[in-house]
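This report concerns only the one structure given below.
The values are calculated or read from the model by the stated rules, or taken from the named source; none is laboratory data. This one's a predicted model, so the numbers in the text were calculated from it and none came from an experiment. Counting neighbours? That spans all protein chains shown, and the Cβs are built from the backbone with ideal geometry, glycine included.
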Amino acid sequence: MADVPKRADLAEVPPEQAPDLTAAPEAIQAEVPPELVAQTLGEYVRAYAARIRAGESGVLPVIAAMLAIVIVFEVVSPNHLFLSAGNLVNLFQQSAVFMVLAMAEGFALILGEIDLSIGFVGALGAAVTVQLVQPQTTNWPWPAAVAAGLLTATVFGLIQGTLITRLRIPSFIVTLAGYLIANGLFLQVLLLGPFSGYPNLAGFSDNLKVIYNLMWGSIDPTVSWIATAVVVLGLGLLIYLSDNRRRRSGLVAPPTSLTLIKIGLIAVVAVVVVLICNTNRANIGTLEGVPWVIPIVLAVLGVWTVLLQRTRYGRYVYAIGGNPEAARRAGINLSIVRTVAFGLCSFTAGIGMLLYASLLNGMSNNVQGGQYVLYAVAAAVIGGTSLFGGRGKPLHGVLGGLVIGGIYNGMFLVGLSFQWEYIVTGLVLLGAVTIDSLSRRGSASGSVTRV
Amino acid sequence: MSAASAEHVASNEPLLKVRELDKHFGPVQALYHINLDLPSGQVTALCGDNGAGKSVLTKCIAGIYQPDHGQVFWEGQPVHIRAARDASRLGIETVYQDLALADNLDIVQNMFLGRERLRNRLLDEDNMERAAKETLASLRVTTVRSIRQPVASLSGGQRQSVAVAKAVMWNSKLVIMDEPTAALGVVQTKMVLDLIKRLRDRGLAVMVISHNLNDVFEVADRIAVMYLGRVVVQDQTSSFDRQSVVEYMTTGGLGRSGGRRTQES
């Protein structure tokens, strides 16, 4: 494609080659990701600007939302506490729950389905784990208890997936029923043992301590730096070598400068996060280092990104979300892919709510599983996952989770009461879905684009 | 390649023979005693009014429906095509009217959908992209800006080209196309018709289902006409004119004394 360079800036140059009578040029410009056609950084920037003008906003809304949250809450929070190291680490911890739940919901959303049950299904799994590690009763070792909790959630999800695919009941209904059933089972599990419905993680058992440390444990600052360096260098090298190999073999690849900027961005974010976490955030004594929860979230992000973007299974999930009929004709077993996706969704929700149990230092009937589903959907959609299926990434859940976590954290700092938190979160969800809906309508064929 | 010489080149045995095929849905008889030949290296146009049974016949060949009676011969051997997978194993690929492409996936991902190549259990994107690029280049599909752009951003003709390229990638011997030019403009139609000719020149058997007689006479070597569930006539394109095809399509050729009827009703 020799004429690709000059076609990158379509705003001025009409498509001279192959006059496509059925395609609107501005739609093409909006839908072709700039990194596919740009040969230099300048072209990339211009193509990106053209995309934004055409209504394909990409990650801009989520960046804008983050900036707005930071500015607003930094100004209005008492003593400008919002950007203090202590609060930012706190923010990461709170956001971690939303991030993992949003990644869970992503499996259902990419398929074009929805799972309303993940809050309580995850809570049920977490309650099982918290009950099993209690030294007074079962006193299971923590790996077994965690596995049992996650298995409980996964089986629940697989049953829901089976009902959705085999009996063809809409996922909305099945998971709404699942929400109530999981809520009931969750409350029932809480009542087991001598804890009056409040099994907690306080005590002198190593197993309790590990679950507690999921959220509250910190990695030694020096180890934090070394691990970060290893991860960033490894990831950077992987991205660079892969892009370079594709460039050399004449395959579609971004320009070198863009690859380097991408790697640089990852490094900057990593260094900033570690700097914040390694600041002493205790009022008295020392409390520093990267919380365990950050590598946990990154591990979930990494594994699910590889699964969705680099394996056959992941490709089928996107294909089903984009066009189930095409997937069926390609010989894909839709029932199995869908059922497994609901299982993975619940499994991930189990991880998310286990983190939440750790954050709360136990489980109680105060857990708002229903509210957390909505936060998860909001986070995924704010991050860029489409409610209409076929489009979304685990990374979107992480970015959106940070936004929701920021709102949640900021409103708490300002001292707004619960009713306002509900209203603001509802408005944010509405706003995100509106953006999603508009960008879908704006695209040429009314179809979803970027995977 | 003239139609007459192609007949000799393609030997006596057509690639696919359908003999005495019947299909009914409950009390509705959709296909009666269908006889149809699809020779290699030739484009066979299947014409007929709505409800004539073109789609049902296509789906019987593609393995989506099971015929009630009758026999299908592939390269002279009797075969049972029980599923779409059986058809693709034989080398039969169908390009459907609604294209069966996933809008959110890019061209490479769509072309390999369901048959992804793996390396160390992960998708081998480089390998697939190279193969897709070669196939598109060999079919001279060169108007796409990037092989990695989502199918949603393609024009109708480009989408049709990708669907065809997807079909020929798998060493297919017979490509069935359902209304390939139905939704296309003039330039796009020409692009797709040229592509069909290139498939024929490669020695593939092509069956095109079409209402558009301009396209049929432009591209077909042979024409078969269906009327109310029967193939009422099939012959070289040269033995038809537009008038006679329309007559066969609308009346089944009942009023005609001439023409070579393969079925008596």
### Query
Could you list, in sequence order, the residues of region A:182-203 that are free of Cβ contacts under 8 Å to residues at least 24 places away in the same chain and either within 14 Å of A:PHE342 (Cβ to Cβ) or of a type in the set (A, V, I, L, M, F, W, C) (or both)?
A:LEU191
#### Entry: Pair list, Cβ under 6 Å, 6 or more apart: region B:179-196 residue within 15 Å of B:MET207 (Cβ to Cβ) and within 12 Å of chain A (Cβ to nearest Cβ), other residue part of a helix (DSSP H, G or I) and hydrophobic (A, V, I, L, M, F, W, C)
B:THR181/B:VAL192
### Task
May I ask you to say which residue of B:VAL141, B:VAL108 is within 27 Å of B:THR58 (Cα to Cα) and part of a helix (DSSP H, G or I)?
B:VAL108
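Looking at region A:222-238, which of the residues that are surrounded by 15 or more Cβ atoms within 10 Å (Cβ to Cβ) and of a type outside the set (S, T, N, Q) is farthest from the other protein chains (Cβ to nearest Cβ)?
A:TRP225
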#### Entry: Counted residues, region A:151-173 - those being buried (at least 23 other Cβ atoms within 10 Å of the Cβ) and aliphatic (A, V, I, L, M)
2
### Task
Answer yes or no as to whether B:VAL72 is more than 14 Å from chain A (Cβ to nearest Cβ), touching a His at 6+ places or on another chain (Cβ under 9 Å), among the hydrophobic types (A, V, I, L, M, F, W, C) and farther than 30 Å from A:GLY392 by Cα.
yes
### Message
Of everything in region A:407-424, what is outside any helix (DSSP H, G or I) and not hydroxyl-bearing (Ser, Thr, Tyr)? Give them in sequence order.
### Response
A:GLY415, A:LEU416
### Query
If you go through region A:388-406 one residue at a time, how many are surrounded by fewer than 24 Cβ atoms within 10 Å (Cβ to Cβ), within 14 Å of chain B (Cβ to nearest Cβ) and either of a type in the set (D, E, K, R) or within 16 Å of A:GLN93 (Cβ to Cβ) (or both)?
1
### Task
Kindly indicate which of A:LEU265, A:LEU258, A:LEU241, A:LEU251 is farther than 30 Å from A:PHE156 by Cβ, away from chain B (no Cβ under 14 Å) and over 21 Å from the mean Cα position of the chain (by Cα).
A:LEU258
### Query
Counting only residues that are within 19 Å of the chain's Cα centre (by Cα) and assigned to a loop (DSSP other than H, G, I, E, B), which one in region B:66-79 is farthest from B:ALA167 (Cα to Cα)?
B:PRO67
### Task
Test A:GLU105 against the criterion of being part of a helix (DSSP H, G or I), under 19 Å from the mean Cα position of the chain (by Cα) and farther than 26 Å from A:GLY415 by Cβ, and give yes or no.
yes
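Yes/no per residue for (1) at pLDDT 90 or above; (2) more than 14 Å from every other protein chain (Cβ to nearest Cβ); (3) closer than 17 Å to A:GLY383 by Cβ:
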{"site": "A:TYR408", "(1), (2), (3)": "no, yes, yes"}
{"site": "A:GLU421", "(1), (2), (3)": "no, yes, no"}
{"site": "A:ALA432", "(1), (2), (3)": "no, yes, yes"}
{"site": "A:ILE435", "(1), (2), (3)": "no, yes, yes"}
{"site": "A:SER439", "(1), (2), (3)": "no, no, yes"}
{"site": "A:GLY442", "(1), (2), (3)": "no, no, no"}
{"site": "A:SER447", "(1), (2), (3)": "no, no, no"}
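To keep it simple, each residue is scored yes or no on (1) more than 7 Å from chain A (Cβ to nearest Cβ); (2) surrounded by fewer than 24 Cβ atoms within 10 Å (Cβ to Cβ); (3) under 22 Å from B:LEU184 (Cβ atoms).
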residue	(1), (2), (3)
B:ARG89	yes, yes, no
B:THR94	yes, no, yes
B:LEU101	no, no, yes
B:ASN104	no, no, no
B:ASN110	yes, no, yes
B:ARG119	yes, yes, no
B:LEU122	no, yes, no
B:GLU129	no, yes, no
B:LYS133	yes, yes, no
### Query
Can you name the number of the only condition in (1) closer than 25 Å to B:LEU57 by Cβ; (2) surrounded by 21 or more Cβ atoms within 10 Å (Cβ to Cβ); (3) modelled with pLDDT under 90; (4) small (Gly, Ala, Ser) that B:ALA183 fails?
(2)
### Message
Condition (residue is of a type in the set (Ser, Thr, Tyr) and at pLDDT 95 or above) applied to region A:92-102: is it met by at least one residue?
### Response
yes
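Table: residues versus (1) within 14 Å of chain B (Cβ to nearest Cβ); (2) farther than 16 Å from A:ILE69 by Cβ; (3) not aromatic (Phe, Trp, Tyr).
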residue: A:GLY350; (1), (2), (3): no, yes, yes
residue: A:SER358; (1), (2), (3): no, yes, yes
residue: A:GLY362; (1), (2), (3): no, yes, yes
residue: A:GLY369; (1), (2), (3): no, yes, yes
residue: A:THR385; (1), (2), (3): yes, yes, yes
residue: A:PHE412; (1), (2), (3): no, no, no
residue: A:SER417; (1), (2), (3): no, yes, yes
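Filter region B:135-148 down to the residues that are at the interface with chain A (Cβ under 9 Å from one of its Cβ atoms) and either over 11 Å from B:ASN110 (Cα atoms) or among the charged types (D, E, K, R) (or both), then identify the one that is surrounded by the fewest Cβ atoms within 10 Å (Cβ to Cβ). Spell out the reasoning first.
Initial filter on region B:135-148 (at the interface with chain A (Cβ under 9 Å from one of its Cβ atoms)): B:142-148.
Then keep just the ones that are either over 11 Å from B:ASN110 (Cα atoms) or among the charged types (D, E, K, R) (or both); that gives B:142-146, B:148.
Details: B:THR142: 12, B:THR143: 20, B:VAL144: 20, B:ARG145: 22, B:SER146: 18, B:ARG148: 21.
So, considering only residues that are at the interface with chain A (Cβ under 9 Å from one of its Cβ atoms) and either over 11 Å from B:ASN110 (Cα atoms) or among the charged types (D, E, K, R) (or both), the one surrounded by the fewest Cβ atoms within 10 Å (Cβ to Cβ) is B:THR142.
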#### Entry: Boolean, A:ALA319 is under 24 Å from B:SER88 (Cα atoms), assigned to a helix (DSSP H, G or I) and either in contact with a Phe, Trp or Tyr (Cβ under 7 Å, 6 or more places away or on another chain) or at pLDDT 95 or above (or both)
yes
